[in-house]
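Working notes, beginning with the structure itself.
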4 protein chains.
Amino acid sequence: MTPVNDQPAPERPGRKRSEDSRMAILAAASELTAEVGYAGLTIEGIAARSGAGKTTIYRWWPSKADVLLDALATKADLYVPVSDEGSYTADLSAFLTASFALGRNPQVAEVLCALMAEAQINPEFGKRFRASFLQNRRDALGVILDRAQARGDLPPGLPPATITDIVFGTLWYRLLATRQPLDQQLANELVSTLTGPRSDSAAPASRRRKQP
Amino acid sequence: MTPVNDQPAPERPGRKRSEDSRMAILAAASELTAEVGYAGLTIEGIAARSGAGKTTIYRWWPSKADVLLDALATKADLYVPVSDEGSYTADLSAFLTASFALGRNPQVAEVLCALMAEAQINPEFGKRFRASFLQNRRDALGVILDRAQARGDLPPGLPPATITDIVFGTLWYRLLATRQPLDQQLANELVSTLTGPRSDSAAPASRRRKQP
Amino acid sequence: MTPVNDQPAPERPGRKRSEDSRMAILAAASELTAEVGYAGLTIEGIAARSGAGKTTIYRWWPSKADVLLDALATKADLYVPVSDEGSYTADLSAFLTASFALGRNPQVAEVLCALMAEAQINPEFGKRFRASFLQNRRDALGVILDRAQARGDLPPGLPPATITDIVFGTLWYRLLATRQPLDQQLANELVSTLTGPRSDSAAPASRRRKQP
Amino acid sequence: MTPVNDQPAPERPGRKRSEDSRMAILAAASELTAEVGYAGLTIEGIAARSGAGKTTIYRWWPSKADVLLDALATKADLYVPVSDEGSYTADLSAFLTASFALGRNPQVAEVLCALMAEAQINPEFGKRFRASFLQNRRDALGVILDRAQARGDLPPGLPPATITDIVFGTLWYRLLATRQPLDQQLANELVSTLTGPRSDSAAPASRRRKQP
DNA sequence: GCTTAATCGAGACGGTACGTCTAGTCTTCGC
DNA sequence: GCGAAGACTAGACGTACCGTCTCGATTAAGC
């Protein structure tokens, strides 16, 4: 996740990058965000809290948002499971349940909202955020959709990309716009909407047909 | 939309607020956002461009985002039609088509993304943005949903609030996250997903009835 | 002392100047100077305290220093006596005693120092302050010196202008530079220095001789 | 004269203070005072002219007056000689002649008047100005008076502190109040007044000799 | 009594500088 | 050569007053 210096051969002269500093900086960034909010987070503050110099931070991260993104990736077990639950419905349900649970963590939600905000305002960070974080999440859902397609239980009519937009759109809208809790009921409603006719009572299996 | 002084009896002593200044400030804010982006927009810049004093801006708007929100509300014919098209499907389709068309305007999209970003970072502005702008849009869709409910052609199973979250969630996700164009195809897919062909057996045309 | 509108024929139509406002403004200026110091004195503060509009102050006085100068002239019985005490020594002594007593009033001293300061910084006010206030004081001493000259008991050797410079110089230096109290002993020493026992023959006090 | 950081052991980490910046700031302050006057002098102007950031100025000087005081001390050979001329009269005469010559320099006079004004208005600066500048000048004259006392040719009757008040009082009064030139004649008159009987009628010419 | 003119208070206006804050860079040291 | 400490230029922040202006309400004098 560190945006710089990921060459596989770190055979360079000079002192090595201090892993202690890196962790102290990431920890300081997370703590400060929790304490003063993203707006109050500054590179100077991170440097002071972590005991690092500003130069060290600027050397390794292009912006405070990148520090936070790195912290998020390092700390959080951010990646929800995509293991095969046997059916598209089950897979999707598991994915949404896990994603919503993650989004219900206020610390994580706060950071995610801040990063999405920064992505709007700072186009360079936006590229990195979309390419690394957002695309990762889409890819996770993509695995499920591919599997469903292979399995043949993906309802026709909606392209996978649209499903992805609807899923993440609804999730992010709750985070960013309504600040309503990401409750399980919404997850269920999304699943039923996307897996087809939430079908009255009977015949849950035959529901996705356009015409019988 | 002006955040101060909307009492119906403005019988106060002293010089009246200058409408010229107000318009010049709103215009300058819009122009500068287009020219240098939201990150490059400053109160000082708006003051310089508009010929107003910084004091005047701070007197009437709490932040640059509020200026932009006011400019948006003043300028844009931002409000999509909610006239009765005869059916829920037609109403929703018209609403989405008009909303997407608006979002395809790059100027408007840029400002919307910036305001949503600011709403994350500045909680006070967030409250105002949610209460005035976002809620307005939800209410517009609410009119359609209420009418559908009264008419009886709202598909059962999804609460109106969830439909609203899905519609605006998908729209905003495209704006904020994928930067993909808000094409008509997505609107159509949303309509068909939400009006649903889970339509029991026959009669594709009469499908929105609760009971035949 | 009011710097405007002292034409002898005030036969004009329209509302007359409000003496109430004038007094309220002068009082507010004096009070505020005592409370927050000259640096903290502002036209806005005077207006707020006095209940007058800023326009009213600007209409009649060019600066806050002029308000204070007017207040000083209106309030203080600022003018020390120059009545004939019978001899130059007695006249000078009485003048100095009265002047020093005035300067020992901390309120008056504070205002005088502030006005002298403003006179350095604001040349226009400097002209007015020198022409009206400082020259008045010099003229008062001039009466005594003229009388002495006419009487014949002015010691030769020092031109009256130089005596004036020494007297007021010492007084102002104590106010501005050393902030030492203007004690009676200094007045006495000034008198004896300026009336001089160069007094050739008579020599009432023989103390100042280099060699007897 | 630098108000901060005169510890003898500057063994601190970090970048050293830039002497280039310091000199550029002092020069800019002097030039701007000459060009636009003390009232027109601003920290922003000094920063712009000198190429320094405002932060740098605020880091090292508490006010624009302190910058000017530092500039005066750095630039001017401000300190008049107090070398032993053989007699009190000669010493005092030399001191006054040199002091008056300095005060005849319009640049220096302008700055001195401004600093004395600021000392009235800004009490904190007043303390510094009195303690560093004014007291230095009094001390210089004190050397002469001490020497005279030791030598035995100080006229009795006037305490040294009073002599000091009269000398500097007259000097400053000319600068601040009358704006009359500090001419040599006034210096002579002061000397003769303070050294005692300017010798009655006879032999006015021979009085200032050291000893015949 | 009506008109006319100057006053009054209130308060918005375009400005300027303030002193603070943070950004991002540069320099100097110790390890 | 890395990393801390900290000084550097740069520039926006939000505030405080400035001095000017518009506003509606008063208050007289002259017609």
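Remark: mean inter-chain Cβ contacts per residue of D:149-159 equal 3, using a 10 Å Cβ-Cβ cutoff to other protein chain atoms.
So what's the net charge close to D:Ile166: Lys and Arg +1, Asp and Glu -1, counting the other residues with Cβ under 11 Å from its Cβ? Here the count lands on -2.
Distance from the alpha carbon centroid of region C:29-89 to that of region B:55-115 works out to 58 angstrom.
Its Cα gyration tensor gives region B:88-195 an equivalent ellipsoid, and the semi-axes of that ellipsoid, as √(5λ) in whole Å with the largest first, are 25, 17, 11. Within the same chain, aspartates and glutamates fewer than 8 places from D:Lys16 are excluded, and of the rest, those with a Cα less than 19 Å from its Cα are D:Asp6.
Principal-axis analysis of the Cα atoms of chain C puts helix C:19-40 at an angle of about 70° to the longest axis.
The angle between the Cα long axis of helix D:135-151 and the main principal axis of chain D comes to about 30°, on a 0 to 90 degree scale.
Rg over Rh for chain D works out to 1.06, using Cα positions for both radii and the Kirkwood form for Rh. Considering only C:Gly40, C:Gly126, C:Gly14, the mean-square fluctuation computed in a Gaussian network model of chain C, springs between alpha carbons under 10 angstrom, is largest for C:Gly14. Against chain D, whose longest principal axis comes from its Cα atoms, helix D:160-173 is set at around 60 degrees. For region B:32-82, the set of chymotrypsin sites (Phe, Trp or Tyr not before Pro) satisfying both a DSSP loop assignment and a count of at most 15 other C-beta atoms within 10 Å is given as B:Tyr79. Among the residues of B:107-118, the average count of other protein chain beta-carbon atoms within 10 Å of the residue beta-carbon is 3. The A:Asp20 and D:Glu31 beta-carbon pair, evaluated with R₀ = 51 Å, returns a calculated FRET efficiency of approximately 0.50.
Only helices enter this figure: runs of n ≥ 4 DSSP H residues, each worth -39500 (n - 2.57), summed and divided by the residues of chain C, yield -19500 deg cm²/dmol at 222 nm to the nearest 500.
For B:Pro181, the shell of other residues with beta-carbons less than 11 Å away shows a net charge of +2, using +1 for Lys and Arg and -1 for Asp and Glu. The overall shape of region D:43-133, judged from the alpha-carbon gyration tensor, is prolate: a/c is not under 1.5, and a/b is greater than b/c.
No value in this document is a laboratory result; all are computed from the given coordinates. Keep in mind the model is a prediction, meaning the values are calculated, not measured. For neighbour counting, all protein chains shown are included, and Cβ atoms are generated from backbone atoms with ideal geometry for every residue, glycine included.
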